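The values are calculated or read from the model by the stated rules, or taken from the named source; none is laboratory data. Because the structure is a prediction, the values reported are computed rather than measured. Note: ideal-geometry Cβ built from the backbone for every residue, glycine included; neighbour counts use all protein chains shown. With ligands, DNA and RNA removed, areas are computed over all heavy atoms of the protein, side chains included. Shrake-Rupley method; radii C 1.70, N 1.55, O 1.52, S 1.80 Å.
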Amino acid sequence: RPTSPEIDRFAKTAVVFKRAYAAAPNTPRSIPSILTSRYPSQIPWRSPANYPPLPKGVRKLSEDIEAAGYRNHAILTHWYFRRERGLARGFHTWDTSLVDDDIETGREESAPRVTERARRILLRAKDAKKPFFLWVHYFEPHHFYVLHKGTPTFGTAMMDKYDHEILFVDRE
């Protein structure tokens, strides 16, 4: 299905990895693995909870690239990413200001606001003329599937609704 025409167009000019695997089947374990280059079983979690905070002292990608002179930015729309979870170290911008009750339910569109914030960071980064890392985490495909005006639908099955959400975010 044509669910990602924008990212597909970008991929034609980018490095594309044909095989990429998550270290875990869920975000609370996968994201810390990505940020620390460790398997979930190698991270000394402070608690065994479903959304465990990342312990202090665990070196992260953001800290390494910050040491190399990068400015690191993140825009995130889920409560898991609040600062107290320990993932923000090494980031100059850690924007979770869009996490509110409406977005948390997954029934409101956050993607347009996330994109606008990302554009502002990109413009500042361009003007700064320094290397930067930008992590933009869209939430729409993760939660309740809602219809977005102006975005084509594929049907009423769960996969159809999921594909609709992907297309909506791809447009952002």
Quiz prompt | Selection status of G57, without any contact (Cβ under 8 Å) to a residue 60 or more places away in the chain, surrounded by 16 or more Cβ atoms within 10 Å (Cβ to Cβ) and on the phi > 0 side of the Ramachandran plot | solution = no
Quiz item: Out of all the residues in the range 122-152, which are more than 21 Å from the chain's Cα centre (by Cα) and surrounded by 13 or more Cβ atoms within 10 Å (Cβ to Cβ)?
Solution: T151
Quiz item: For residues in the range 34-66 being polar (S, T, N, Q) and farther than 16 Å from R89 by Cβ, which is nearest to the chain's Cα centre (by Cα)?
Solution: N50
Quiz item: Pick from the range 1-24 the residues that are open to solvent by 100 Å² or more (accessible area, probe 1.4 Å) and over 20 Å from E165 (Cα atoms): which of them is modelled with the lowest pLDDT?
Solution: Y21
Exercise. State yes or no: is K149 at pLDDT below 95, within 24 Å of D64 (Cα to Cα) and charged (D, E, K, R)?
Key: no
Quiz prompt | Residue list for the range 25-45, filter: hydroxyl-bearing (S, T, Y) and loosely packed, with under 11 Cβ neighbours inside 10 Å | solution = S41
Practice problem: Check the range 123-139 and report whether any residue there is within 29 Å of I43 (Cβ to Cβ) and part of a helix (DSSP H, G or I). | Solution: no
Quiz item: Taking the range 153-172 as the region of interest, how many residues are open to solvent by 50 Å² or more (accessible area, probe 1.4 Å) and in a helix (DSSP H, G or I)?
Solution: 5
Exercise. Restricting attention to the range 1-32, report how many residues are touching a helix residue (DSSP H, G or I) at 6+ places or on another chain (Cβ under 7 Å) and farther than 18 Å from W79 by Cα.
Key: 9
Quiz prompt | Failed item in (1) in contact with a helix residue (DSSP H, G or I) (Cβ under 9 Å, 6 or more places away or on another chain); (2) crowded, with 17+ Cβ neighbours inside 10 Å, with E66 passing the rest | solution = (1)
Quiz item: Can you name the residue in the range 15-39 that is assigned to a loop (DSSP other than H, G, I, E, B) and hydroxyl-bearing (S, T, Y) and is also nearest to E66 (Cα to Cα) among such residues?
Solution: S37
